[in-house]
Amino acid sequence: MRLSILLLLLLPIVGFAQQIAPESVNNAGGKMTQSNGSLSFTVGELVVLSFADFDGNTLNGGFTSGATITTVNTSDVDQSLMSVRIYPNPSTELVTFEIKESHLDAFNIQIVDNAGKIISSGSHSGLASKIGINCSSWVSGTYHLIILSKDLTVIGSYKIIKQ
């Protein structure tokens with residue numbers, strides 16, 4: 001008897017209940033590894049749940065996953081391929097990349113900030129003797145100058161400090 005009374009009281013409440021399916025944006029990511037460092041990242045994993053009642057009240061919840069970044073390590077250029085000098089370091093306006101000797105016909109340079117973002121890049125011939133890099137617009141901090149072969153193999157990298 002008590003059970004039937006309880007069911008009669010709860011039936012109207014259950015009848016008005018509302019179900020909202022959770023929404024999900026699937027994650028994506030990747031990992032890139034070279035001999036002098038790696039970068040791994042995850043984007044997404046956003047989950048949002050929303051519940052609303054008949055009075056217009058809404059309850060939302062969710063989470064996002066973070067990112068893990070490992071930046072490149074510095075390593076001198078293989079002297080059998082190229083002999084270089086970078087100065088002045090630290091610098092405020094202009095960094096000079098001087099090639100003393102090169103056995104490469106061409107190479108690429110990338111400037112990367114500590115977050116792993118490429119802020120400058122360019123292709124150069126192995127014959128160039130001095131390359132000026134304007135760093136006056138950079139935010140003060142540490143950057144990496146990465147030297148790559150034509151096939152984008154890392155030949156070496158240097159730390160540049162912008163004051």
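Out of the stretch 106-118, which residues are touching a strand residue (DSSP E or B) at 6+ places or on another chain (Cβ under 7 Å) and either in a loop (DSSP other than H, G, I, E, B) or surrounded by 15 or more Cβ atoms within 10 Å (Cβ to Cβ) (or both)?
Within the stretch 106-118, the subset touching a strand residue (DSSP E or B) at 6+ places or on another chain (Cβ under 7 Å) is 106-114, 116, 118.
Hits for the stretch 106-118 are Phe107, Asn108, Ile109, Gln110, Ile111, Val112, Asp113, Asn114, Gly116.
Can you find, within the stretch 119-159, the residue that is nearest to the chain's Cα centre (by Cα) among those that are crowded, with 17+ Cβ neighbours inside 10 Å and farther than 17 Å from Leu94 by Cβ?
His144
Looking at Ser121, Ser136, which is the one that is assigned to a loop (DSSP other than H, G, I, E, B) and either more than 16 Å from Leu81 (Cβ to Cβ) or among the polar types (S, T, N, Q) (or both)?
Ser136
Laboratory data are not the source of any read-out in this text; all were calculated from the coordinates shown. Computed from a prediction, not measured in an experiment: that's the story for all the values here. So basically every Cβ, Gly included, is an ideal-geometry build from the backbone, and we count neighbours across all protein chains shown.
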